[in-house]
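Visitor: Dumping the structure here so I can ask a few things about it.
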Amino acid sequence: MSVLVVVNETRLVLIQGDITQQATDAIVNAANSGLMGGGGVDGAIHRAGGPIIMEECRRIIEKIGRLPAGKAVITSGGRLKAKYVIHTVGPVWHGGRSGEAETLVSAYRESLKLAAANGLKSISFPAISTGAYSYPLERAARVALATAMDFARGDDSLQEIRFVLYDSYSYQVYADILKELTPKPEG
């Protein structure tokens, strides 16, 4: 199951699947600010990628301290199919009046900028902040897709931006919002 939209020269793709199995240049980890693994996507990426990712995260934390929400850093992919993991910290949902949307936009934008700056051509995102951080899925999908489309309009260095949704409900929410955000052809 997949949906495809082309923005500028970049393919925006939605699939239902497992982020740890993606063979894009990078996958994005919905990390915590300590970068030390955890539950959900974060734990799955660390388990699948092996200890090298944790070691690189430790070195980053020693250098910069905790990673603030909305920022992103890059490590190798370890045993993953992806060459790199971009770790970003999304916002915890507090009702939507505490800058959550702006922080989520930043998490996606910083991840995309980091991929482009490292010469990567493809990236896979999970639904950042929608698990333990309780960001409402529909709102998060709108932010994610609008930010990716906006990035692709201004920067054509990425050939593919993929959103990997774990379950059919999340996939359908993203597909509906992508359809809503995609301009209708004039005719």
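The values are calculated or read from the model by the stated rules, or taken from the named source; none is laboratory data. This structure is a prediction, so every number in the text was calculated from the model and none was measured. Glycine also receives a Cβ, built like all others from the backbone with ideal geometry; neighbour counts cover every protein chain displayed.
Visitor: Quick one: in the range 147-163, which of the residues that are of a type outside the set (D, E, K, R) and assigned to a helix (DSSP H, G or I) is surrounded by the fewest Cβ atoms within 10 Å (Cβ to Cβ)? Before the answer, list the steps.
Guide: Step one: list which residues in the range 147-163 are of a type outside the set (D, E, K, R), which gives 147-149, 151-152, 154, 157-159, 161, 163.
Next, only the ones that are assigned to a helix (DSSP H, G or I) stay: 147-149, 151-152, 154.
Numbers: 147: 20, 148: 26, 149: 19, 151: 23, 152: 22, 154: 7.
Out of the qualifying residues, it is 154.
Visitor: Within the range 110-134, which residues are in contact with an Asp or Glu (Cβ under 9 Å, 6 or more places away or on another chain) and crowded, with 24+ Cβ neighbours inside 10 Å?
Guide: 112, 115, 123, 124, 129
Visitor: For residue 105, which of the numbered conditions (1) of a type outside the set (Ser, Thr, Tyr); (2) without any contact (Cβ under 8 Å) to a residue 40 or more places away in the chain; (3) under 21 Å from residue 146 (Cα atoms) fails to hold?
Guide: The one condition residue 105 does not meet is (2).
Visitor: Testing residue 180 on (1) assigned to a strand (DSSP E or B); (2) without any contact (Cβ under 8 Å) to a residue 24 or more places away in the chain, one condition comes back false. Which one is that?
Guide: Exception for residue 180: condition (1).
Visitor: What do you reckon, is residue 95 surrounded by fewer than 16 Cβ atoms within 10 Å (Cβ to Cβ) and either closer than 23 Å to residue 177 by Cβ or among the acidic types (Asp, Glu) (or both)?
Guide: yes
Visitor: Still on this structure: Suppose we filter the range 28-80 for residues that are free of Cβ contacts under 8 Å to residues at least 40 places away in the same chain and touching a Pro at 6+ places or on another chain (Cβ under 7 Å); how many remain?
Guide: Within the range 28-80, residues that are free of Cβ contacts under 8 Å to residues at least 40 places away in the same chain and touching a Pro at 6+ places or on another chain (Cβ under 7 Å) number 1.
Visitor: May I ask you to list pairs of residues, at least six apart or on different chains, whose Cβ atoms are under 7 Å apart, with the first in the range 134-159 being in contact (Cβ under 8 Å) with a residue 40 or more places away in the chain and the second being of a type in the set (Asp, Glu)?
Guide: What qualifies is 135/100; 156/9.
Visitor: Another one. Inside the range 16-41, can you point out the residues that are modelled with pLDDT under 95, surrounded by fewer than 24 Cβ atoms within 10 Å (Cβ to Cβ) and either outside any loop (DSSP other than H, G, I, E, B) or in contact with a His (Cβ under 6 Å, 6 or more places away or on another chain) (or both)?
Guide: Of everything in the range 16-41, those that are modelled with pLDDT under 95, surrounded by fewer than 24 Cβ atoms within 10 Å (Cβ to Cβ) and either outside any loop (DSSP other than H, G, I, E, B) or in contact with a His (Cβ under 6 Å, 6 or more places away or on another chain) (or both) turn out to be 37, 40.
Visitor: Please tell me if residue 41 is touching a Lys or Arg at 6+ places or on another chain (Cβ under 6 Å), closer than 16 Å to residue 126 by Cβ and of a type outside the set (Asp, Glu). Can you show your working first?
Guide: Working: touching a Lys or Arg at 6+ places or on another chain (Cβ under 6 Å): no; closer than 16 Å to residue 126 by Cβ: yes; of a type outside the set (Asp, Glu): yes.
It is false that residue 41 is touching a Lys or Arg at 6+ places or on another chain (Cβ under 6 Å), closer than 16 Å to residue 126 by Cβ and of a type outside the set (Asp, Glu).
Visitor: How about the range 42-67: which of its residues are out of contact with any His (no Cβ under 9 Å at 6 or more places or on another chain) and aliphatic (A, V, I, L, M)?
Guide: If the condition is that a residue be out of contact with any His (no Cβ under 9 Å at 6 or more places or on another chain) and aliphatic (A, V, I, L, M), then 44, 48, 52, 61, 64 are the ones that fit.
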